[in-house]
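Undergrad: Quick one: this structure, given as structure tokens, is what I'll be asking you about.
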């Protein structure tokens, strides 16, 4: 039962993580127009996203070794939820 709960938490975290990326990718042309940014510079957005995700893999592993995988996943989900609430809705 515990392994199933951990698997569900991990899968849920990946779904939420992917949803954030799918919100960003279609917005790139709008971001380019809004900030008058060329396509080359916009190409850095996915790169920075991936580098940022990769950079936090090691700290997340260290935290997971201290807190445990389930608590670390929960902490990550809580962090994403709180930071998601800080973004003002667009009307």
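Just so it is clear, none of the values below were taken in a lab; they were calculated from the coordinates. Please read all numbers here as calculations on a predicted model, not as lab measurements. We place every Cβ from the backbone using ideal geometry, glycine too, and count neighbours over all the protein chains shown.
Undergrad: Using only helices, what value at 222 nm comes out for the chain when you add -39,500 (n - 2.57) per DSSP H run of length 4 or more and divide by the total residues, to the nearest 500 deg cm²/dmol? Intermediate values should be presented prior to the final figure.
TA: Working: 6 runs with 76 residues, N = 91.
That calculation yields -26500 deg cm²/dmol at 222 nm.
Undergrad: How far apart, in nanometres, would the label points at residue 3 and residue 45 be if each is projected 7 angstrom from Cα along the Cα-to-Cβ direction?
TA: Each label point lies 7 Å from its Cα, and together they span 4.1 nm.
Undergrad: Among (i) 25, 13, 11; (ii) 24, 16, 11; (iii) 30, 15, 11, only one was calculated for this model; which label is it, if the read-out is semi-axes √(5λ) of the Cα gyration tensor in Å?
TA: Correct label is (iii).
Undergrad: Another question about this same structure. I need the calculated FRET efficiency for the pair residue 79 and residue 36, taking r as the beta carbon distance and R₀ as 22 Å, to the nearest 0.05. Each step should come with its number before you reach the end.
TA: Details: r = 32 Å, r/R0 = 1.46.
Between residue 79 and residue 36 the formula returns 0.10.
Undergrad: Which of 41, 86 comes first, and how do the rest follow, when ranked by fewest Cβ neighbours within 10 Å? Don't skip to the answer; put the middle values down first.
TA: Numbers: 41 11, 86 6.
Going from least to most buried by this count: 86, 41.
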